[in-house]
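Some notes on the structure that comes next.
No lab work stands behind these numbers, since they all come straight from the coordinates. Because the structure is predicted, anything quoted here is derived from the model rather than measured. Here the Cβ positions follow ideal geometry from the backbone for every residue, glycine too, while neighbour counts run over all protein chains shown.
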Amino acid sequence: MENKKINLKKISDMTYEVLNSPFYVDGKGGQLGDRGTIAEANIVEVKENIVILDRNLDDGEYTYSIDEKRQEDIRQQHTAQHIFSAEAYNNFGLNTVGFRMAEEYTTVDLDQKDISKEVIEKLEELVNKDIKADILVEEEIYTNEEAHKFENLRKAIKEKIKGDVRFIKIGDVDICACAGFHVSRTSEIEIFKIINHENIKGNYTRFYFLAGDRAKNDYNKKHEIIKKLTNTFSCKDDEILEMLDKSLKEKASVTAELKSLGMKYAELMAKDFENTFIDYKDFKILIYNEDENLVGILPKFINLDKFLLLIGYNTSYTLMSNIYDCKEIIINIVKNFPNIKGGGGKNKGNIKLDKAYNRNELIEIIKKGIDSNNE
């Protein structure tokens, strides 16, 4: 861990100017920025000569430290990206058109869609072969004029770059202008794994990958998941998908059976439920807020030509009727209860309550909507 001093000057709440900042900027070259501490404050974000902290400090001189473990992780991911992009270009003529390092994974966008499984597997194999080969990763500095004389670079040097140019050279695999963090030898990356890919923007393919400790941690996490699944299904690793498919089919069958039973039960209880209506100012009001599973079924068996039905669970309700104006009632409820939201049409509308109400409270809310409607 570094242990040096810097001067802070407050710009706004928890945001400070840092002259000659020692911190790598977030997003520069697609890379993650530095994290660490300044005095007792944690660094949340780094901009050009600016840091954002998790607490306020007075202007002045402070000791800082940079998270070197994070930097090592960034070195692994960033160097792996160079190798992946180089092997894609060298062997398959695929150009890298986008690169972004996130906290969980790194993405690389290649300029072709529908890349075959065979090519993807070969790319991963080539990257891991380069990692195992323990190739020296060198930093070379060239004048701007010298840098622009390089031919056949996989990544052209941007015209906006002024002054000397820093190149990262990985043996015969790659040479590329870059200002980010890199390992000193490819073996320090340890392992590379593509975890996903997808077509984007019509003609590109985005790859998601992990390297080093990220890849090992991902394996360990997935291994634990597999262990739990084998214990749950009492099966071997290679039988999990078969057992899962069987379980899903059984669940679908049980769900269908429960739905059928729910329909029969709702039909049987509908007549008794209709006898529970509240007679209020020529309105016959039915309220149901008991079984969440019946909320979507029961209305099918209620005579909406006779009743105003309020049905729902917890804070979500539906107001339904073929003879009473649900829209007007909901408008009046919302006017009288500012914390209640709602809307809809004449025969059906939705009400979102601010909390769970009991049946008597729901009755009073509906009555208020009716009273306002009749004023």
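What the table below lists for this structure:
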quantity	calculated
Cut-off under 5 Å, modelled amide H: who pairs with GLY342 long-range	LYS352
Whole-Å semi-axes of the ellipsoid equivalent to the stretch 28-80 (Cα gyration tensor, √5λ, descending)	24, 12, 8
From phi via Karplus (6.51, -1.76, 1.60), per-residue ³J(HN,Hα) for the stretch 273-286 in Hz, x at Gly/Pro	5, 4, 6, 8, 5, 9, 8, 9, 6, 6, 9, 9, 9, 10
Residue among ILE351, ILE66, ILE131 with the largest mean-square fluctuation in a Gaussian network model of the chain, springs linking Cα atoms under 10 Å	ILE351
Radius, Kirkwood style, for the stretch 1-130 when every pair of distinct Cα atoms is counted (Å)	16.7
Karplus-derived HN-Hα couplings along the stretch 120-131 (A = 6.51, B = -1.76, C = 1.60, θ = phi - 60°), whole Hz, x at Gly and Pro	4, 5, 5, 4, 4, 5, 5, 4, 5, 5, 5, 5
Binned Cα-Cα distances of the stretch 253-375, short to long, each 5 Å bin given as a whole percent	2, 11, 22, 24, 19, 11, 6, 3, 1, 0, 0
Value at 222 nm in deg cm²/dmol, rounded to 500, when DSSP H runs of n ≥ 4 in the chain each add -39,500 (n - 2.57)	-11500 deg cm²/dmol
5 angstrom amide H check on ALA177, placed H, neighbours 5+ away	ILE168
For the chain, size of Cβ-based charge dipole, Lys and Arg +1, Asp and Glu -1, in debye	1200
The stretch 65-121 and the stretch 337-375: distance between their alpha carbon centers, rounded to Å	55
Alpha carbon Rg of the chain, scaled by the compact-globule rule 2.2 N^0.38 Å	1.53
Dipole of the stretch 165-323 [Lys/Arg +1, Asp/Glu -1 at C-beta], most positive-end residue of ASN196, VAL173, PHE273	VAL173
Debye-sum result for the stretch 132-188 in log10 I(q)/I(0), which assumes one identical scatterer on each alpha carbon, at q = 0.17, 0.21, 0.24 Å⁻¹	-0.55, -0.79, -0.97
Gaussian network model of the chain, Cα within-10 Å springs - most flexible of TYR62, TYR313, TYR89	TYR313
Bins of 10 Å, starting at 0 and running to the largest distance - Cα pair percent for the stretch 2-62	25, 61, 14, 0
Relative contact order (%) - criterion: Cα under 8 Å, at least six apart; region: the stretch 1-141	20
Residue pairs, from the table LYS201/LYS348; LYS69/LYS132; LYS228/LYS352, whose Cα atoms sit over 32 Å apart	LYS201/LYS348; LYS228/LYS352
Only Lys, Arg (+1) and Asp, Glu (-1) charged, at Cβ; the stretch 103-243 dipole about Cα centre in debye	320
Per-residue ³J(HN,Hα) for the stretch 229-241, Karplus 6.51 cos²θ - 1.76 cosθ + 1.60, θ = phi - 60°, Hz, x for Gly and Pro	5, 5, 5, 5, 8, 6, 9, 8, 3, 7, 9, 4, 4
Square roots of 5 times each gyration tensor eigenvalue, C-alpha, the stretch 221-306, largest first, Å	46, 14, 8
